[in-house]
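Student: First, the structure itself, so that you have it in front of you.
Each value in this text was obtained by applying a stated rule to the coordinates, not by laboratory testing. Quick caveat, the model's predicted, so the values are computed rather than measured.
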Amino acid sequence: MAMPSDFDSSEFVDTEVHTTVRPHVRPAIMSDSTASNRPPSREELDHKVSDAQQQLAELKRKQEELERERATLEESRRRRVELETGHEEMLHQLTRGLVLLEESELKSRREAEQMHKTLTDLRGALDKVRAIQQDGWSAESYNVELTRALTAIENARMEWNAARLKWPMLEGVVDAAAPLAPAGPAKIQGHFLGAQSFTELCRLGFALTWPVAVAVLLGSILLLLFRR
């Protein structure tokens, strides 16, 4: 029995199948660069516009909150400055005012005490002057009563002068009681000269002295002529 020959691989190959098999083709896949280069769609644009509007609304809300917070802080700062300024101002004014009023009160109290003493002295002097009754003097006691009356009047005058020095308001009583004296030539001349200005006074002096100056000049000329 004869043995088969060496193995031939071509005996098991189906040539028809081998010739009909086509190579596998990979489907085309769109790259990321191609997708990014395409224009955005309407839906994408609407979404972006909506996002931008929401962000603007959020920023506006935050801006309004910051403005309200800033206004609150500024008002607090203004009130704090007003508090500090008013505190210092009122401390100074009230302290100074109390010191001035206390000094004025003390001065007024002293003046009131002095005025009360002056009133008492003037009332006593007035009673003594009113007590002088010349009709009741007798011939025997005339000198004694006269001396006593003159002493009372002199003491009253001293009290009155002392009161005038203390209280300037009493000067009006003397001015009102004093008779009007006629104006003398000196007063009239002083009033006339005081009413003139410096230029008018110079003119007046020149008008009064130029005749004397002319006479002196003529006398000097005549004296020189006679000497020649």
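Student: In terms of Cα to Cα distance under 20 Å, which lysines are near enough to residue 60, apart from those fewer than 8 places away along the same chain?
Tutor: Straight-line reach from residue 60, under 20 Å: 48.
Student: To continue, here is another question. Could you go through region 112-118 in sequence order and give the Karplus-derived ³J(HN,Hα) for each residue, using 6.51 cos²θ - 1.76 cosθ + 1.60 with θ = phi - 60°, rounded to whole Hz, and x for Gly and Pro?
Tutor: The phi angles translate into 5, 5, 5, 5, 4, 5, 5 Hz.
Student: Still on this structure, please answer the following. Please give the length that would be gained between residue 151 and residue 109 if that part of the chain were fully extended, namely 0.36 nm times their separation in residues minus their C-alpha to C-alpha distance (nm, one decimal). Numbers along the way, then the final one.
Tutor: Numbers: separation 42, 0.36 × 42 = 15.12 nm, distance 3.30 nm.
Full extension of this stretch gives 11.8 nm more.
Student: Between region 148-172 and region 43-104, how far is it from one alpha carbon centroid to the other, in angstrom?
Tutor: 71 Å
Student: What's the Cα-based Rg to Rh of region 43-173, Rh via Kirkwood? Don't skip to the answer; put the middle values down first.
Tutor: On the way: Rg = 42.4 Å, Rh = 23.5 Å.
With Rh from the inverse mean 1/r over Cα pairs, Rg/Rh is 1.80.
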